[in-house]
Amino acid sequence: MATDLIDWGPEVNPSVPGLPQPGLKLGVRNAAIEFCQETLLWAYTLTAMDVEATVQAYTLTIPDALHAEVVGIDTVKYKQNGEDDTTYITLPPLSENEYDLIKTGAWKYQTSPTPSKYWSDVPEKQVHLWPIPSAASTGGLLVTPNLRPTKTTDDLPDFLWEDYRKAIAKGAIADLLNRPALTFFNPELAATHRLIFENKMNDAKVKKITGATKRGLRVRMRNWL
């Protein structure tokens with residue numbers, strides 16, 4: 001389910017006199033993008049992917065209905081072929097730059113029956129398994145990326161409305177009041193709302209780290225692709 005950007009009107013409009021609806025949508029969208037990018041709270045588990053023998057890179061396909069894009073990787077899990085879902089193990093990330101320094105140049109091409117780590121290429125929306133698996137595994141790769149809304153979306157995931165409505169409203173107000181070309185430009189008031197927004201993002205980061213917001217943020221993808 002999703003919540004329309006204009007639903008934030010009662011939270012934002014009183015602080016931004018004369019705000020047109022396109023401006024409301026712009027401010028809320030920008031605040032939501034920053035909120036998700038900074039807190040990494042939006043984590044979405046994709047449908048399990050098949051691991052192919054000798055194939056290292058796997059592209060992440062985000063459902064169009066989410067109106068979202070990848071900003072990071074929350075978890076990568078792997079299981080051997082034919083095993084139950086209860087056998088998935090979490091693969092730790094590796095640093096591509098660090099491995100280039102401490103290992104030989106051929107480290108990327110090492111193979112093993114099963115991978116033990118991964119690295120990600122967010123701009124390309126890919127996860128790379130290491131060592132390269134030499135054995136296939138049907139449904140063996142389960143990836144949960146961190147998402148943020150796209151710059152063209154007209155709605156946001158419901159958890160942002162239900163749990164962080166006021167935080168995003170503060171971010172939207174700060175963004176809109178800090179635009180010199182607009183009649184409601186007010187940098188001092190914008191700074192006040194910006195500080196509140198940043199504090200709320202910091203609080204959300206703490207909850208993310210401690211696991212207090214795990215419930216309800218992850219949605220398992222089932223037969224949508």
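The values are calculated or read from the model by the stated rules, or taken from the named source; none is laboratory data. Just so it is clear, the structure is predicted and the values come from calculations on it, not from any experiment. When we count neighbours, we look across all protein chains shown, and the Cβ atoms used for this are built from the backbone with ideal geometry, even at glycine.
Here is a yes/no grid of residues against (1) at pLDDT below 90; (2) under 16 Å from the mean Cα position of the chain (by Cα):
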position	(1), (2)
Glu98	yes, no
Thr104	yes, no
Lys117	no, no
Val122	yes, yes
Lys125	no, yes
Thr150	no, yes
### Sole residue being within 17 Å of Arg148 (Cβ to Cβ) and surrounded by fewer than 19 Cβ atoms within 10 Å (Cβ to Cβ), chosen from Ile6, Ile62, Ile89
Ile62
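Condition check ((1) in the same structural domain as Gly171 (by TED's automatic domain parsing); (2) outside any strand (DSSP E or B); (3) without any contact (Cβ under 8 Å) to a residue 40 or more places away in the chain) across all residues:
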| position | (1), (2), (3) |
| --- | --- |
| Val55 | no, yes, no |
| Val71 | no, no, no |
| Val76 | no, no, no |
| Thr104 | no, yes, yes |
### Task
Among the residues of the stretch 57-69, write down those that are of a type in the set (Asp, Glu) and assigned to a strand (DSSP E or B).
Glu69
### Query
Only one of Glu38, Glu98, Glu124 is surrounded by 15 or more Cβ atoms within 10 Å (Cβ to Cβ) and among the charged types (D, E, K, R); which?
Glu38
### Message
Please go through (1) more than 14 Å from Val16 (Cβ to Cβ); (2) at pLDDT 95 or above for Val206 and return the number of the only condition it doesn't satisfy.
### Response
(2)
### Query
Any idea which residue in the stretch 127-167 is surrounded by the fewest Cβ atoms within 10 Å (Cβ to Cβ), counting only those that are in contact with a Cys (Cβ under 9 Å, 6 or more places away or on another chain) and within 30 Å of Asn81 (Cβ to Cβ)?
Asn146
### Query
In the stretch 52-66, is there at least one residue being in contact with a strand residue (DSSP E or B) (Cβ under 7 Å, 6 or more places away or on another chain) and charged (D, E, K, R)?
no
### Yes/no for Lys79 being at pLDDT 95 or above and either surrounded by fewer than 14 Cβ atoms within 10 Å (Cβ to Cβ) or touching a Leu at 6+ places or on another chain (Cβ under 9 Å) (or both)
yes
